[in-house]
Amino acid sequence: MGCCSARCTLILLCCLQLVTALERQVFDFLGYQWAPIMVNFFHIIVVILGLFGVIQYRSRYVIMYLLWTLLWVGWNVFVSCLYLDLGGLSKDSDILSLGVSPHRSWWKDNGPGCEGENLPSAGWQNQQNPELSTVLSCWLEYQYIEILHCIVQLLISLLGFVYACYVVSTYSEEEDSINFIGELHHPSKPSQLLF
């Protein structure tokens, strides 16, 4: 097999998914976004298992990766709709924090180029409400950063899905079977073919 085979490409895509999922996990932890933290955790585990399946020629693990990819695409579409306020969803709801904390996206206060300032009224200065701090200017609003994360995940996942489908189609069920001696069963060997 050459280095540009579908299997090597899928390994590269799985590694890229791991890197981007870990990056996303860090920022979800910083923002106390509990639902994405749990989903990202499962995603990381399934991608590692899918990577193992590709490296070890185990079609069951790759099929599990395929099924999870469909759920992962659905999750990213949901998060995109949430941040775009589509379908009755609101980015100001506490769905992603599961209602256990008042925190929002870490990018809301710490986005690229954001300058936070307190409200100008002197009467508001004594309040202990963190919502009184407003962000006056950002290069890119936080919801668009979150949507960009989702788009990157969607693109990598869809490419991974296509390559995983091809890889699974090339594996045969006989390649997954192991005999009791520990060798792989290869029906293409002349000594094992039944005439």
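Surface listing: Met38, Met64 arranged by accessible area from highest to lowest gives Met38, Met64, probe 1.4 Å. Stretching the chain fully between Ile55 and Tyr144 yields a gain of 28.5 nm (0.36 nm per residue, less the alpha carbon separation).
Here the label points at Phe29 and Glu115, each 7 Å from Cα along the C-beta direction, are separated by 3.3 nm in the simple model. The stretch between Met64 and Thr170, if pulled fully straight at 0.36 nm per residue, gains 36.6 nm over its current Cα-Cα span.
The values are calculated or read from the model by the stated rules, or taken from the named source; none is laboratory data. If you're wondering where the values come from, they're calculated on a predicted model, not measured in any experiment. Here the Cβ is made from the backbone with ideal geometry for all residues, glycine too, and neighbour counts use every protein chain on show. For the accessible areas, the whole protein counts, side chains as well, though only heavy atoms, and no ligand, DNA or RNA atoms are used. Shrake-Rupley method; radii C 1.70, N 1.55, O 1.52, S 1.80 Å.
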